[in-house]
Amino acid sequence: MVHRALARQAPENTRPAITMCIADELEWVEIDVRLSKDGIHVLAHDDQLDGKTNGRGRVSDSTVEQLHALDAGSWFARRYANTRLLTLAQALEIAKGRINLYLDCKQADPEKLVADVRAAGMTRKETAGIAWFSIAGSRLKPVMRRLSHDEVLLPPGLIFGRVESAKCRTSSRHRV
């Protein structure tokens, strides 16, 4: 499992980091999920925007529109200038059928999280799957119990893989 989507090779939790994981045929990528001010799930490890973007303040104090205006790549390297923060929906679209996602839910709305995953069509029938972990795991459990057996969601902390291990390898150039 790759922490924050190859965070040593590209800005953490961003499109370039996730697509590098896919290109290197890695099996799992861990991404961090938080809520924006307007209730949209976005990818961000830290609660503060300072240091990982050109913004200031808390992720939860900014709307998605404000978050999308931020540069989340220049702090890492000049070639990543103008890299934008992703919504969970965008990350699901990138990953669908290509890589498994492990969602570390730092701050999430359980009902909306389930709706986001369902809307993306990320079911067990897809090539790639999803697992979750949450500091607030007890809040997620009742919501997830209502899901059908055919859906991708599992109790917090459980992981399952849908990508065939034979097709996946750990890239020698990355610490995983």
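The values are calculated or read from the model by the stated rules, or taken from the named source; none is laboratory data. This one's a predicted model, so the numbers in the text were calculated from it and none came from an experiment. Methodologically, a virtual Cβ is constructed for each residue, glycine included, from the backbone with ideal geometry; neighbour enumeration extends over all protein chains shown.
Which residue out of 81, 91 is of a type in the set (A, V, I, L, M), closer than 17 Å to residue 10 by Cα and surrounded by fewer than 19 Cβ atoms within 10 Å (Cβ to Cβ)?
81
Before we move on, is residue 26 modelled with pLDDT under 95 and not in a loop (DSSP other than H, G, I, E, B)?
no
Out of the residues in the stretch 68-89 that are touching a residue at least 24 places away in the same chain (Cβ under 8 Å) and touching a strand residue (DSSP E or B) at 6+ places or on another chain (Cβ under 6 Å), which is farthest from residue 42 (Cα to Cα)?
Going through the qualifying residues, I end up with 72.
Exactly one condition in (1) in a loop (DSSP other than H, G, I, E, B); (2) buried (at least 16 other Cβ atoms within 10 Å of the Cβ); (3) modelled with pLDDT of 95 or more is false for residue 16; which is it?
(1)
Would you mind stating whether residue 73 is touching a Ser or Thr at 6+ places or on another chain (Cβ under 9 Å), modelled with pLDDT of 95 or more and either under 20 Å from residue 120 (Cα atoms) or surrounded by 15 or more Cβ atoms within 10 Å (Cβ to Cβ) (or both)?
Criteria met by residue 73.
Output the residues belonging to the stretch 47-64 that are in contact (Cβ under 8 Å) with a residue 12 or more places away in the chain and either under 22 Å from residue 93 (Cα atoms) or under 18 Å from the mean Cα position of the chain (by Cα) (or both).
Within the stretch 47-64, 47, 49, 52, 53, 59, 60, 63, 64 qualify.
Can you name the residue in the stretch 94-113 that is within 21 Å of residue 58 (Cβ to Cβ) and of a type in the set (Asp, Glu) and is also surrounded by the most Cβ atoms within 10 Å (Cβ to Cβ) among such residues?
So the residue we want is 104.
Can you tell me which residues in the stretch 14-45 are under 17 Å from residue 88 (Cβ atoms) and without any contact (Cβ under 8 Å) to a residue 12 or more places away in the chain?
Within the stretch 14-45, no residue meets the criteria.
Looking at the stretch 24-41 only, could you name the residues that are over 8 Å from the mean Cα position of the chain (by Cα) and either crowded, with 22+ Cβ neighbours inside 10 Å or on the phi < 0 side of the Ramachandran plot (or both)?
24, 26, 27, 28, 34, 35, 36, 37, 38, 40, 41
Any idea which of (1) over 22 Å from residue 111 (Cβ atoms); (2) surrounded by fewer than 19 Cβ atoms within 10 Å (Cβ to Cβ) is the one residue 21 doesn't satisfy?
Just one mismatch for residue 21, condition (2).
Note down all Cβ pairs under 8 Å where the first residue falls in the stretch 90-118 and is farther than 19 Å from residue 45 by Cα, the second is at pLDDT 80 or above and of a type in the set (Val, Ile, Thr), and they're at least six residues apart or on different chains.
98/22; 99/18; 99/22; 99/29
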